[in-house]
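Here's the structure we're looking at; comments come further down.
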Amino acid sequence: MTTKTITVVRDVLATNKQAAAAIRAELRARGILCVNLLSSPGSGKTTLLEALADRFRGRRRMAVIEGDIETERDAERIRAKGVEAWQITTGGACHLEAKMIGKVLGNVPEAIDFLFIENVGNLVCPASYDLGEDLRLVLLSSPEGDDKPAKYPQAFFSADALVLTKSDLLPYLPFDPRRAAAEALAIKPTLKVFTISALCGDGLDALATYLVEALERLRSGGA
Ligand SMILES: Nc1nc2c(ncn2[C@@H]2O[C@H](COP(=O)(O)OP(=O)(O)OP(=O)(O)O)[C@@H](O)[C@H]2O)c(=O)[nH]1
Ligand SMILES: [Mg+2]
């Protein structure tokens, strides 16, 4: 019984990986940097995307695929910023899969710079599913606690960058950003670490620069 279950899971992930590779190839050919945002519910993924929409307006073009179990709310928040957004509602599934992204890909305009994918709020399952992204950001907010990287290692291991969010709340919380970063770096030494407040704007310059540099690398063939 146990052996059969493991085989099925492997098949699902292998099928997902194939679909993700096709998405990555298509987006790279179009010169679009795809960024997958992963975190617990409420860590600030949509708020960060709203802040990036403000920051990139008139300079870089972005579009967003939103993943949630129910509601169109996050896509509506992004559209209110004048950015195209498509909402995927999973109806109960706790993560996005590449085939879901594939269905939306035809709607994504040719002439954009960034395609952001906001995954379903969950620090566990989304870590196992490649969506065809070139960059994966894992967000950890100060109210969640600085002990989370070691408890949910796969999410941090699978990411390219750690974004510590809600830094404006640090004076009020027992959250040590150095501990959170050190735990995450022990899991994945190559993680880039950013500390931001999407509400106040702190740290957004460095994160935006990181994204633009990744875009330029992709377009020069060095993704
Ligand atoms: N103080 C503070 N609050 C923030 C910040 N970023 C987001 N929030 C708040 O945190 C709450 C959740 O933010 P969202 O952006 O909706 O979080 P999310 O990760 O998109 O949530 P899900 O899509 O449900 O997983 C909202 O009330 C935000 O206003 C921040 O930098 N500072
Ligand atoms: Mg959200």
### Query
Given (1) of a type in the set (G, A, S); (2) in contact (Cβ under 8 Å) with a residue 60 or more places away in the chain; (3) closer than 21 Å to T209 by Cβ; (4) within 14 Å of ligand 2 (Cβ to nearest atom), where does G31 come up short, assuming only one miss?
(4)
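Of these, A155, A161, A150, which one is touching a Pro at 6+ places or on another chain (Cβ under 8 Å), aliphatic (A, V, I, L, M) and closer than 30 Å to R10 by Cβ? Spell out how you get there, then give the answer.
On the way: A161 fails: touching a Pro at 6+ places or on another chain (Cβ under 8 Å); A150 fails: touching a Pro at 6+ places or on another chain (Cβ under 8 Å).
The unique qualifying residue is A155.
What number of residues within segment 191-223 are touching a residue at least 12 places away in the same chain (Cβ under 8 Å) and not in a helix (DSSP H, G or I)? If you could, list the steps in order and put the result at the bottom.
Step one: filter segment 191-223 for residues touching a residue at least 12 places away in the same chain (Cβ under 8 Å), giving 191-204, 206-208, 210-212, 214-215, 218-219, 223.
Next, only the ones that are not in a helix (DSSP H, G or I) stay: 191-203, 223.
Summing the residues that are touching a residue at least 12 places away in the same chain (Cβ under 8 Å) and not in a helix (DSSP H, G or I) in segment 191-223 gives 14.
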### Task
Identify all residues within segment 116-163 that are among the hydrophobic types (A, V, I, L, M, F, W, C) and either over 13 Å from the mean Cα position of the chain (by Cα) or open to solvent by 40 Å² or more (accessible area, probe 1.4 Å) (or both); write none if there are none.
V124, C125, A150, F157
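When the residues of segment 79-92 are filtered to those that are of a type outside the set (D, E, K, R) and more than 16 Å from ligand 2 (Cβ to nearest atom), which remaining residue is modelled with the highest pLDDT? Before you say what the answer is, go through the steps one by one.
Step one: list which residues in segment 79-92 are of a type outside the set (D, E, K, R), which gives 80, 82-83, 85-92.
Now restrict to residues that are more than 16 Å from ligand 2 (Cβ to nearest atom): 82, 91-92.
Details: G82: 98, G91: 95, G92: 95.
Step by step, filter segment 79-92, then rank; the result is G82.
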### Task
Say whether the condition of being under 15 Å from the mean Cα position of the chain (by Cα) and within 19 Å of L33 (Cβ to Cβ) is met by at least one residue in segment 178-190.
no
## Note on the structure
Within segment 64-83, residues being surrounded by fewer than 20 Cβ atoms within 10 Å (Cβ to Cβ) and either away from ligand 1 (no atom under 11 Å from the Cβ) or of a type in the set (D, E) (or both) number 7
### Query
What tally of residues in segment 167-176 results from selecting those that are open to solvent by less than 40 Å² (accessible area, probe 1.4 Å) and either β-branched (V, I, T) or assigned to a helix (DSSP H, G or I) (or both)?
1
#### Entry: Selection from segment 173-192 of residues that are within 16 Å of ligand 1 (Cβ to nearest atom) and in contact with a Pro (Cβ under 9 Å, 6 or more places away or on another chain)
L173, F175, A180
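The values are calculated or read from the model by the stated rules, or taken from the named source; none is laboratory data. Bear in mind the structure is a predicted one, so any value in this text is a computation, not a measurement. Here Cβ is always computed from backbone atoms with ideal geometry, including for glycine, and neighbour counts include all displayed protein chains. Heavy atoms of the whole protein, side chains included, go into the accessibility calculation; ligands, DNA and RNA do not. Shrake-Rupley method; radii C 1.70, N 1.55, O 1.52, S 1.80 Å.
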